[in-house]
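> I have a structure I would like to understand better, so I am pasting it below and will then ask my questions one at a time.
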Amino acid sequence: MRMSKLFVSTLRDAPAGTDTVSAQLLTRAGYQRQLGSGIYSLLPFGERSARRIEQVLREEMEAIDCYELSMPFVQPSDLWKETARWDRVGPEMIRLQDRSERDMVLAPTHEEVATDLVRRSVQSYRELPFSFFQIQTKFRDEPRPRGGLLRCREFTMKDAYSFSLDRDDFLRIYREFHRAYLRIFARFDLPVVVVEASGGYMGSDISLQFTYESEIGEDTLLISPNGNYSVNAEVATTTLEIPDEELLEMEEVATPDCKTIEDVAQFLDVPTSRTLKAMFFNVRDELVFVTIRGDREVSEEKLSELLSTDVLEFADADLIRASGAVPGYASPVGLTGVKVVADESARTPNLVAGANKVDYHLLNVNLGRDYEADVVADITQVRGGMPSPVDGAPLVESRGIEVGNIFSLGTTYSGPLNATYLDDEDREHTIIMGSYGIGVGRNLATIAEHHHDDAGLKWPLSVAPFDVHIVALGNDEAIQNEADNLYDALMAGGIDTLYDDRAASPGVKFADADLIGVPIRITVSSRSLQAGGAEIKRRDQDRDASVIVALDGVIEHVQTERQALLGNLESLAKEAEARTPTD
RNA sequence: CGGGGAGUGGCGCAGCCCGGCAGCGCGCCUCGUUCGGGACGAGGAGGUCGGAGGUUCAAAUCCUCUCUCCCCGACCA
């Protein structure tokens, strides 16, 4: 591409409100422009990088015999009503009507259509297992888009779906995707950690999340330094020691002005782990009274999962008082008609709890004796430093960007949609499904987060919009001609080349080259010609690490360099592959 | 949706408190000089001050309503 003909412009300053490094660089370097909140255009560079990402995705999917198809973005609502997601999925799904007032949706994901395709076609066990993928637009009306391409409302995603005979059959495919995913991120030279995650609204029982660790990430991870426990905080567990003590008699004590757990613990001189904390949630206007030991916090994710709701709000004082509880001095003791959810830790004997009376608490409150819970479950928010459930080692907390995931779907969709097959004895079985997602734009942005320096982007070859960036300096005709010839020759040699043929000063061209981040830069100038040819420098090398190559040797040199870079990425992929769990 | 912030030439910003000619840097155009790390000089173009209503002799500035965008929290690739 000749830059003089290319619709692109670089910016000195990123537009106001562009906060993340990736969004700043991608915008400044001319990869993307924002149209609205969470809605972006990809400019030529961005489109080319996205295609390279997609190319890797296609290769790795096909390598595990997962083949491409394409499903509609605008879909009739019928299938969504069949799986009940029409009602379950909230306003993140855009609903609209066609001219005949039929309900339609802009696809936020494609399980329904994928399952429908399969149920209409598959009849015999002989046809299973298989999987397919597409690279398609999705629209999710996210409550809060952020970070440029990191979290968009409209985005492109590679989503794959697998269809298996049974659980074991599914697990074989799941593992293949796991391996393919490790190869994919390795080929992007993007380090990821694999953590267990919750299925969320996909309705999954097991799932793994491929996460790039980053401060700007939205997910909280808890990882054991021993490498045997890596989870998303939403499903993290920790060990729980419940002392084996005799239950003591309950007793009311005055605790003036002790409204918080810390106040009470200090006043009574007991550790917070001997107190019972009360929390109140409003679930569809019903009060849910939650108890947890004073040294722990409630995980709202776990709680909403437990209550099968995605609307979880703190209850206001009126709703709390209506139950008879007294904010600041609340406990479920003596209350009736209130839904109580207790964390496992609330089983600890002889805790200090509120007396539902201002300035009073109760000593020796015991779950099961002094109050009953409707549900006792693990709803503890695990934090860094808490012991790993595997070996007790303190967990390390970090943040991360989810760049891909793999889900077991079981029969969540095949059940309601009746996607079945007949086995060799004519018995009907429901197909076992999985789904596998990778966001193209999010990966582009995440790779930019990882591969940049102060001057700009620094792409791995697998993601760069071009292999080579020719910088022609000076408006000498001889130089122009040599650069033109070189450009033609590179293009003819199948090397994607960006040719800066603009009449701009050297400083501008070099600065833009650094900003755009193409891996190999070739400078043609009177100085380079005098030195014997063109100057070749890799973006990841220092300024003075360049070499002069005779003009007729440039293509060969570039091919060699390119092969070396691709070879490095392939070795990374091989290493990653070797790390795939085998059990 | 709750909390915080911002909308002024293409981009970054000042001006607003205290109403009175719409400014600065970068970019853009023309000419000349430059030409290996965002050149220099001279001249120039470009703005419904997010929108609507109001107050006033007079509104970017004050008031009301509204739209949009960003950041922090609940969702996810």
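> Collect the residues in the stretch A:535-546 that are at pLDDT 95 or above and either near RNA strand B (Cβ under 8 Å from one of its atoms) or more than 15 Å from residue A:468 (Cα to Cα) (or both), keeping them in residue-number order.
Matches in the stretch A:535-546: A:535, A:537.
A quick yes/no check of all residues on (1) closer than 20 Å to residue A:497 by Cβ; (2) in contact with a helix residue (DSSP H, G or I) (Cβ under 9 Å, 6 or more places away or on another chain); (3) in the same structural domain as residue A:150 (by TED's automatic domain parsing); (4) surrounded by fewer than 18 Cβ atoms within 10 Å (Cβ to Cβ):
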site	(1), (2), (3), (4)
A:23	no, yes, yes, no
A:35	no, no, yes, yes
A:39	no, no, yes, yes
A:46	yes, yes, yes, no
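> Going residue by residue through the stretch A:384-394, is there one that turns out to be within 29 Å of residue A:284 (Cβ to Cβ) and part of a strand (DSSP E or B)?
Checking the stretch A:384-394: not a single residue is within 29 Å of residue A:284 (Cβ to Cβ) and part of a strand (DSSP E or B).
> What about residue A:498, is it open to solvent by less than 10 Å² (accessible area, probe 1.4 Å) and outside any loop (DSSP other than H, G, I, E, B)?
Numbers: open to solvent by less than 10 Å² (accessible area, probe 1.4 Å): yes; outside any loop (DSSP other than H, G, I, E, B): yes.
Yes; evaluated as a whole, the condition is true for this residue.
> Within the group A:10, A:27, A:18, which residue is under 19 Å from residue A:142 (Cβ atoms) and either part of a loop (DSSP other than H, G, I, E, B) or among the polar types (S, T, N, Q) (or both)?
Answer to the check: A:18.
> Mind checking whether some residue in the stretch A:501-517 is more than 12 Å from RNA strand B (Cβ to nearest atom), touching a strand residue (DSSP E or B) at 6+ places or on another chain (Cβ under 6 Å) and either under 25 Å from residue A:56 (Cβ atoms) or hydrophobic (A, V, I, L, M, F, W, C) (or both)?
Within the stretch A:501-517, the subset more than 12 Å from RNA strand B (Cβ to nearest atom) is A:501.
Remaining after also requiring touching a strand residue (DSSP E or B) at 6+ places or on another chain (Cβ under 6 Å): A:501.
Filter again for either under 25 Å from residue A:56 (Cβ atoms) or hydrophobic (A, V, I, L, M, F, W, C) (or both), leaving none.
The answer is no, given that none of the residues of the stretch A:501-517 is more than 12 Å from RNA strand B (Cβ to nearest atom), touching a strand residue (DSSP E or B) at 6+ places or on another chain (Cβ under 6 Å) and either under 25 Å from residue A:56 (Cβ atoms) or hydrophobic (A, V, I, L, M, F, W, C) (or both).
> Among the residues of the stretch A:440-478 satisfying the criterion of being in contact with a Leu (Cβ under 7 Å, 6 or more places away or on another chain) and part of a helix (DSSP H, G or I), which is farthest from residue A:44 (Cα to Cα)?
A:450
> For the stretch A:39-49, enumerate the residues that are touching a Pro at 6+ places or on another chain (Cβ under 9 Å) and among the hydrophobic types (A, V, I, L, M, F, W, C).
A:39, A:45
> Just to be sure before I move on: is residue A:525 hydroxyl-bearing (Ser, Thr, Tyr), touching a residue at least 40 places away in the same chain (Cβ under 8 Å), touching a helix residue (DSSP H, G or I) at 6+ places or on another chain (Cβ under 9 Å) and more than 11 Å from RNA strand B (Cβ to nearest atom) in the structure I sent?
So residue A:525 fails the test.
> Another question about this same structure. Using the structure shown, decide if residue A:60 is in a helix (DSSP H, G or I), within 13 Å of residue A:441 (Cβ to Cβ), under 23 Å from the mean Cα position of the chain (by Cα) and in contact (Cβ under 8 Å) with a residue 24 or more places away in the chain.
On the way: in a helix (DSSP H, G or I): yes; within 13 Å of residue A:441 (Cβ to Cβ): no; under 23 Å from the mean Cα position of the chain (by Cα): yes; in contact (Cβ under 8 Å) with a residue 24 or more places away in the chain: yes.
Judged against the criteria, residue A:60 is not a match.
Yes/no per residue for (1) within 16 Å of RNA strand B (Cβ to nearest atom); (2) open to solvent by less than 30 Å² (accessible area, probe 1.4 Å); (3) of a type in the set (Val, Ile, Thr):
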residue	(1), (2), (3)
A:368	no, no, no
A:382	yes, yes, yes
A:386	no, no, no
A:396	no, no, yes
A:402	yes, no, no
A:411	no, no, yes
A:445	yes, yes, no
A:458	yes, no, no
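> May I ask you to list the residues in the stretch A:525-542 that are part of a loop (DSSP other than H, G, I, E, B) and either open to solvent by less than 40 Å² (accessible area, probe 1.4 Å) or farther than 20 Å from residue A:448 by Cα (or both)?
We begin by selecting, within the stretch A:525-542, every residue part of a loop (DSSP other than H, G, I, E, B); these are A:525, A:532-533, A:539-542.
Result: A:525, A:532, A:533, A:539.
> Ok, one more. Being outside any strand (DSSP E or B) and in contact (Cβ under 8 Å) with a residue 24 or more places away in the chain narrows it down to one residue among A:252, A:262, A:301, A:241; which is it?
Only one candidate passes the filter, namely A:301.
> With respect to residue A:19, determine if the residue is within 15 Å of RNA strand B (Cβ to nearest atom) and either closer than 20 Å to residue A:447 by Cα or among the basic types (Lys, Arg) (or both).
Taking the combined requirement at face value, the residue satisfies it.
> If you go through the stretch A:321-366, how many residues are aromatic (Phe, Trp, Tyr) and open to solvent by 40 Å² or more (accessible area, probe 1.4 Å)?
1
> Which residue pairs have Cβ atoms under 6 Å apart, sit 6 or more places apart or on different chains, and have a first residue in the stretch A:406-426 that is without any contact (Cβ under 8 Å) to a residue 40 or more places away in the chain and a second that is of a type outside the set (A, V, I, L, M, F, W, C) and surrounded by 14 or more Cβ atoms within 10 Å (Cβ to Cβ)?
Every condition considered, the pairs that remain are A:411/A:430; A:415/A:430.
> Right, another one. Would you confirm whether any residue within the stretch A:38-51 is near RNA strand B (Cβ under 10 Å from one of its atoms) and closer than 24 Å to residue A:512 by Cα?
For the stretch A:38-51, residues near RNA strand B (Cβ under 10 Å from one of its atoms) and closer than 24 Å to residue A:512 by Cα: present.
> Now, a different point. Residue check: is residue A:415 part of a loop (DSSP other than H, G, I, E, B) and loosely packed, with under 15 Cβ neighbours inside 10 Å?
no
The values are calculated or read from the model by the stated rules, or taken from the named source; none is laboratory data. Just so you know, these numbers come straight off a predicted model, no measurement behind them. No Cβ is skipped: glycine too gets one built from the backbone with ideal geometry, and neighbour counts run over all protein chains shown. Please note that ligands, DNA and RNA were not included when accessible areas were found on the heavy atoms of the full protein model with its side chains. Shrake-Rupley method; radii C 1.70, N 1.55, O 1.52, S 1.80 Å.
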